[in-house]
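Visitor: Could you have a look at this structure, given as structure tokens, before my questions?
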There are 2 protein chains.
Amino acid sequence: MEDPAATTSKKAAKKAEAKAKKEAQKAERAAQLAAAAAKATLEDDPAADRYGDRPSTTGLFSDDAEEVEIPSLDESHIDKTVIVRAWLQNSRVQSAKMGFFELRKSGNWSVQGIVMASEQEPIVSRRMVKWVVGINPESFVAVEAKVKRPLEPIKACRVQGLELHITKCYVLASAPSMLGMTLAVANQPIVNFSDEKAPVSDVQPDKATVPAASMLTHLDNIAMHKRSPVQQAIADIRIEVKKLFRSYLEDRGFKEFEPPCLIGAASEGGGNVFRLPYFGEEAFLAQSPQFYKQFEIAGGRERVFSIGPVFRAENSNTARHMTEFTGLDIEMEIKQSYTEVRDVLEGVLLHIFRGIQDRCADAIATVKAVYPSEPFLLPEPGKEVRLTFAEAQKLLREEGPSEFANVRDDEDMSTPQEKALGEVVRSKFNTDFYVIDKFPETARPFYAKIDDTAATVGDGVRVTNAFDFFARNQEILSGGQRINDPVELEARIRAKGVDPESAGIKEYLAVFRSVGVPAHGGGGIGLDRVVAWYLGLPSVHLAAYYPRTPKRLSP
Amino acid sequence: MEDPAATTSKKAAKKAEAKAKKEAQKAERAAQLAAAAAKATLEDDPAADRYGDRPSTTGLFSDDAEEVEIPSLDESHIDKTVIVRAWLQNSRVQSAKMGFFELRKSGNWSVQGIVMASEQEPIVSRRMVKWVVGINPESFVAVEAKVKRPLEPIKACRVQGLELHITKCYVLASAPSMLGMTLAVANQPIVNFSDEKAPVSDVQPDKATVPAASMLTHLDNIAMHKRSPVQQAIADIRIEVKKLFRSYLEDRGFKEFEPPCLIGAASEGGGNVFRLPYFGEEAFLAQSPQFYKQFEIAGGRERVFSIGPVFRAENSNTARHMTEFTGLDIEMEIKQSYTEVRDVLEGVLLHIFRGIQDRCADAIATVKAVYPSEPFLLPEPGKEVRLTFAEAQKLLREEGPSEFANVRDDEDMSTPQEKALGEVVRSKFNTDFYVIDKFPETARPFYAKIDDTAATVGDGVRVTNAFDFFARNQEILSGGQRINDPVELEARIRAKGVDPESAGIKEYLAVFRSVGVPAHGGGGIGLDRVVAWYLGLPSVHLAAYYPRTPKRLSP
């Protein structure tokens, strides 16, 4: 006997199959129409040179027609002749004499096109109408059109107050008659983020009227995945995050640099590092620019940042992990206190969060329409939430779920603890963004600077000048002060059970012995996570351009 | 019998040895002085709390003292008390009562410090004077000082009209008594770029009064290498090149994206690609973002650029090659002609070259003082030099060295040909920057678009809409129009002897079949080469932050 869930999903699969069949029939019909139209010769069809497949548009358009991008279309174009290049979508036939479609460009800017038979110049034949409405969706076309005011605003399009009356239409690059994934499907929430090659249902029975696809289907149809308004919006927000990061730091004297990806030793713990043959030796892919940021400080660069790929050979198939991701890193000299570093990092993240709220309101709305989420709460200026690790654990013990009633101040937090803490912080302080400071030395790498006051927590464990930042309960940044004194550094390396003579460590220590290195600190931000958690996306893979997981290297 | 060159180099080595011995003695003396000073107790020395080693400056300075960065020092500070944190260099003793040194920060900003014994408040003891002048060069110090106008301008320092009368001086991070490479040596031209581990003479006998070191010594003393004014200047110029690249493109609607480094197939010719184990499969490091740039165009992103690492597993140990370098890449839709792409690329490079001339005049002068080179000649606006490949070869045949009298229009240029052509172009057109366009298909990869007019050169070889850009006779950019039609693309793939079903190629072709992809083109610029050749550096390794060669992965 089948269980009811299986039945439901079977029904849904059947429904999807029927839908696909219908779409295939529709596509076939369109192809037939197009074939018929193509048969027409110039003698038969006085409009024959006004439409068709063309490799380029050289010499096709009127001299007085102005080339316009869809976002630039405005009232000033009314009654003028324009040339528009765009993707074609949503064609429909009104009658043998008239058809409609939409032209889309620049992410999600669309405008309505009308093709109407006319026996007066410019002549538009019925065959032309048929041919145009038969163009495969997602083909790239160039049209010449008169701009008109529609009878009523076109609600389906972003350009609502104008429409294009088509007089010429050429297909520059044709899409196939059957798309691997339609734009409508591409813009549905993804139903399955597993990278398993096993077949998965592409159907989300409960929520969607349009079927929804798995991440696997999306990535196998990368062009359609990227063309979806939601992915265009996410990419635009990601760009803005990088810009805000860069401009905030440049305004404060930070200089960009590029750390290497290929390194000679698995210097920061060998577990999760990719190894490769390198001219008879072995090379490794950098897990972070940590050592190189510090070398820049030793080299007198004072305040640096980097934006680039980092690699983790971790066999984690979760919505939070990727094997390659983009790190936003900073490192800076400290004058008086490590809080200077914490303040810059807190400042840049608040600048980013407030900046995208301002600059990307439309894009955020586009994303939320597909992936609804609670608004991302920010602290009011001056009311930033900074808890010490011990305070955070106390909060969790006292106000968190009972399973965390005994968490210790001298042991690192688990992911479930972090999530529970985030809930408490949100309800208590009304923010999704907060800092946990003064981590115990047990939870930090050897380069973390121990607190000057020799404060301890729990079982006599010293605390460090190191912190994590959180967004929607998940870590997005790790940072703190680093040890700059070589004697202290060597002692900590030994205390952590690392051999100071081991490959990578030896050279790292040598830099601090070779010159006087000022006090410094910094932090590393996961760009993909900042974007994903700010937007409340179900997976960090949605924020990446080409997500890399243990099971996926393509496209 | 020894040859004279060997004798000369032996003599030079002896001279260097003597110099090193002298420096060691000097350092020892300084260490002794410092030790003696440290012995002093507060009872002996009324200034004992005004100097010494300190881990931090908390509570050390006067409340009314203003913390100032050296570049910000100006007339307004005269007679005021300031705090300055900086590297200490060039100490010298005037008498038991007086010493001088320089403080350096922010690349190459220096100011003179004077420490003078005083029995009046603020008391400066003779012991303090001794201790301060004994501080190891390249230590990081914090001083409190009164700003004074010097008797005459301090020619040795960038801040010439002010000097600091030191009343407190603390070493926050001490350099060793003997540096692996002094700042003076670090700022000499590098004498040997070989990465061979074999010992090389660090001495350049003819040119330098200060001994010069090999690249090996520089990279083994990475902090001192980076602290040298010349490397600070090169790094600053490199930053400006990236900024100019980015701003020019963003102003023209280009959007940044990040292509992956880890890819699933050696898609662009398998020869020079790094391979690595990847969870039981094989992964490759991207040799260029070519395919991914095109996927962005297929995905409707219209105009994109990327700045990031690319990898070549080429065993070339030359001044032009690295195994990891930074690519500046663009890709854009084409409306009418591939010249739109050529113009954007030419525009961005001219913007970069003119921009750094304007913005980095000081830094360029700093570099030229160490690595003299002819000025980089740019074409006057409107007189850009664009030759077709056939025109360039004709020029080389007719006006180049006789060995190139028979170069063919249908075969790729060799590096010596490129160099010779550059000489001809420079003397004929007075420019170091020029474009060679319309390369024959034999010299281009399968994705290069064949010229529409079906023009041929030489033995009936068709020409492509593809070009290279040159700077000082060396290639810095490759670009052109790509094939966007899947049928044409498959035919070219086959014609180049590549299997359209092979890994990577199959998925690439599938993207062009999956949707309509508009005409597009782009180009890739080697950032390291742009910086190095513009500045006329002897090796591209000088322009990189951490050069990667077949023999070097560290630091």
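Quick note: the coordinates plus some simple rules give every number you see, no bench work behind them. A quick note: this is a predicted structure, and the numbers were derived from the prediction, not measured. Using ideal geometry, Cβ is built from the backbone for each residue, glycine included, and neighbour counts are taken over all protein chains shown.
Visitor: Only counting other Cβ atoms within 10 Å, I'd like B:91, A:194 sorted with the fewest neighbours first.
Guide: Ascending number of Cβ neighbours within 10 Å: A:194, B:91.
Visitor: Take chain B, mark every one of the trypsin sites (Lys or Arg not before Pro) that falls in a DSSP loop and has at most 10 other Cβ within 10 Å, then report the longest stretch left between them, sites excluded.
Guide: For trypsin sites (Lys or Arg not before Pro) (loop position, at most 10 other Cβ atoms within 10 Å), the longest site-free span of chain B is B:208-382.
Visitor: What does the net charge come to around residue A:398 if you take all other residues with beta carbon closer than 15 Å to its beta carbon, with K and R at +1 and D and E at -1?
Guide: That sum, taken over residues with Cβ under 15 Å, equals -1.
Visitor: In whole Hz, what ³J(HN,Hα) sequence does segment B:478-495 give by Karplus (6.51, -1.76, 1.60; θ = phi - 60°), x for Gly and Pro?
Guide: 10, x, x, 7, 9, 6, 10, 8, x, 5, 4, 5, 4, 4, 5, 4, 5, 4
Visitor: Something else now. Amide H of residue A:168 versus every other amide H placed in the peptide plane: which residues, excluding those fewer than 5 positions away on the same chain, fall under 5 Å?
Guide: Counting only residues 5 or more places away or on other chains, the set is A:144.
Visitor: Now for a separate question. I need the inter-copy label distances for residue B:209: point set 7 Å along Cα to C-beta, values in nm with one decimal, smallest first.
Guide: 8.5
Visitor: Evaluate E = 1/(1 + (r/R0)^6) for residue B:423 and residue B:394, where r is the Cβ-Cβ distance and R0 equals 22 Å; express this FRET efficiency to the nearest 0.05.
Guide: So the FRET efficiency works out to roughly 0.90.
Visitor: To test your reading of the geometry: what angle, between 0 and 90 degrees and rounded to tens, separates the Cα axis of helix B:415-429 from the longest principal axis of chain B?
Guide: It is inclined by approximately 80 degrees.
Visitor: Now for a separate question. So if a site counts as exposed when it's one of the GluC sites (Glu not before Pro), its DSSP state isn't H, G, I, E or B, and it has at most 10 other Cβ atoms within 10 Å, what's the longest stretch of chain A without one?
Guide: Free of exposed loop sites, the longest segment is A:120-500.
Visitor: Please rank B:98, A:224, fewest neighbouring Cβ atoms within 10 Å first, as an exposure proxy.
Guide: B:98, A:224
Visitor: Let me ask something else. Taking a threshold of 21 Å on the Cα-Cα distance, which of the pairs A:226/A:255; A:449/A:506; A:242/B:293; A:97/A:146; A:226/A:368 fall above it? Intermediate results must be reported in sequence, preceding the final value.
Guide: On the way: A:226/A:255 32 Å; A:449/A:506 19 Å; A:242/B:293 19 Å; A:97/A:146 18 Å; A:226/A:368 17 Å.
Check vs 21 Å cut-off fails for A:226/A:255.
Visitor: In whole Hz and in residue order, list the ³J(HN,Hα) couplings for segment A:510-523 that follow from phi through the Karplus curve 6.51 cos²θ - 1.76 cosθ + 1.60, θ = phi - 60°; x for Gly and Pro.
Guide: After applying 6.51 cos²θ - 1.76 cosθ + 1.60, I find 4, 4, 6, 7, 7, 8, x, 10, x, 4, 7, x, x, x Hz.
Visitor: Add -39500 (n - 2.57) for each DSSP H run of 4 or more in the protein assembly as shown, then divide by its residues: what number comes out at 222 nm, to the nearest 500 deg cm²/dmol?
Guide: Only helices count here, giving -10000 deg cm²/dmol.
Visitor: Which value in nm describes the separation of the simple spin-label points at residue A:343 and residue A:281, placed 7 Å from the Cα toward the beta carbon?
Guide: Label-label distance for residue A:343 and residue A:281, simple model: 4.3 nm.
Visitor: Once you place label points 7 Å from the Cα toward the Cβ at residue A:408 and residue A:194, how far apart are they in nm?
Guide: So the label points at residue A:408 and residue A:194 sit 3.8 nm apart.
Visitor: Here is a further query. Rank the residues B:520, B:321 as a footprinting-exposure proxy: fewest other Cβ atoms within 10 Å of their Cβ go first.
Guide: B:321, B:520
Visitor: Cα axis of helix A:4-39 to longest principal axis of chain A: angle in degrees, 0 to 90, nearest 10?
Guide: It is inclined by approximately 50 degrees.
Visitor: Now for a separate question. Along its principal axes, what span do the Cα atoms of segment B:50-173 show, with the longest given first and each in whole Å?
Guide: 32, 29, 29
Visitor: Given label points at 7 Å from Cα along Cα→Cβ, what nm distances, shortest first, separate residue A:178 from the same residue in every other copy?
Guide: Copy-to-copy label distances for residue A:178: 7.8 nm.
Visitor: In sequence order, what are the phi-derived ³J(HN,Hα) couplings for segment A:58-66 according to the Karplus relation 6.51 cos²θ - 1.76 cosθ + 1.60 with θ = phi - 60°, rounded to whole Hz, with x for glycine and proline?
Guide: 4, x, 8, 9, 5, 5, 8, 7, 9
Visitor: What fraction of the DSSP beta bridges in segment A:50-173 is antiparallel, stated in percent and rounded to the nearest 5?
Guide: So the antiparallel bridges amount to about 80 percent of the total.
Visitor: Provide the percentage of antiparallel DSSP beta bridges, counting only those with both residues in chain A; round to the nearest 5.
Guide: Details: 76 of 89 bridges.
Among the beta bridges of chain A, antiparallel pairing accounts for roughly 85 percent.
Visitor: Closest approach to the B-A rotation axis by any Cβ of B: residue and distance in angstrom?
Guide: So the chain B residue sitting closest to the axis is B:276, 2.
Visitor: Relative to the first principal axis of the alpha-carbon coordinates of chain A, what is the inclination of helix A:229-251, with its axis defined by its Cα atoms, in degrees from 0 to 90 and to the nearest 10?
Guide: 40
Visitor: Put a dot 7 Å past each Cα toward the Cβ at residue B:383 and residue A:178; how far apart are the dots in nm?
Guide: 6.2
Visitor: How far is residue A:372 from the same spot in each other copy, in nm, shortest first, if each label point sits 7 Å from Cα toward Cβ?
Guide: Nearest first, the other copies' label points are 7.4 nm away.
Visitor: Quick one, can you get me the convex hull of the C-alpha atoms of chain B expressed as volume per residue in Å³?
Guide: Expressed per residue, the convex hull around the Cα atoms of chain B is 220 Å³.
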